[in-house]
Each structure stands twice: as C-alpha cells, then as structure tokens.
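I have placed the structure first, in the form of structure tokens, so that the comments after it can refer back to it.
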Amino acid sequence: MDSGTTAAQQPNDPIVDQSSRSRNSSDQFDRDLNVRWLAAVLSLTTGAVHFGYAPHHLSEDWAHGWFFLLIAAYQCAFAVLIVARPRRWVWASAIIVNVGIIATWVVSRTVGLPFGPQA
C-alpha cells in the first residue's frame, strides 16, 4: 500500500467490497420489498372492489357473481402471498390472472360475453 493511500481507497480491499455489496444488497431488498407491498396494496384494493360488486352481479347472474367472488378471493390471497412468501410462480400467476381479467373486461365492453343474461 502506498503511504498516501488509505485502506478505503484500495479497490480490492475486502472490507470495502463487502460493505459495498452489503449496501447494494440492502438497496435491492428494500426495492423488492417496496414493490411487493405496492403490489399487495393494489391487489387488496382490486379485491375489495370485486367483493363490493359481487352481490350486484350475483343478483343478475350467478356465473358473473361467482366470477367476481373468485377473482376477489384470488386477489386477496395474492396480496398475502406476495408479502409473506414471494415466489416466481406467485408473480407469474398474478400476471396471467390479471391479464385474463382485463381481457374479459375488454371483451365484455366491446363484443359482449358469450354467456350470461346479455348473451
């Protein structure tokens, strides 16, 4: 080590590298946790909306009502799972289910569903 160089300035110093890795790891963990909590809150919100509209849809058609109940239950379960046990399959299922929900909504508003009271 040069006499004018401190330990903190050494690029291969294991203490500096470990500290830097730890900070980056901590930042990544915080970001992941924030994303998971945001997804959970949004999913709980949409679940609450679906639970709220389920009685109205049940009074019109049992299939629509049960669809709303099942989707609401899934969205609430996702919120719990993504915070408690974040796994890749949980994210994948959320993407698949929510894309399906959005597609169903678009179809219901454009060409209509092929079943139910308006079919």
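Applying the Karplus relation 6.51 cos²θ - 1.76 cosθ + 1.60 with θ = phi - 60° to the range 79-90 yields 3J(HN,Hα) values of 4, 5, 5, 5, 8, 7, 9, x, 10, 4, 5, 5 Hz, where x marks Gly and Pro. Relative intensity of the range 27-110 on a log10 scale, I(q)/I(0) at q = 0.16 Å⁻¹, equals -0.64, per a Debye sum over C-alpha point scatterers of equal strength in the absence of solvent.
Every number in this text was worked out from the coordinates using simple rules, so none of it is lab data. Not measured: the values here are computed from a predicted model.
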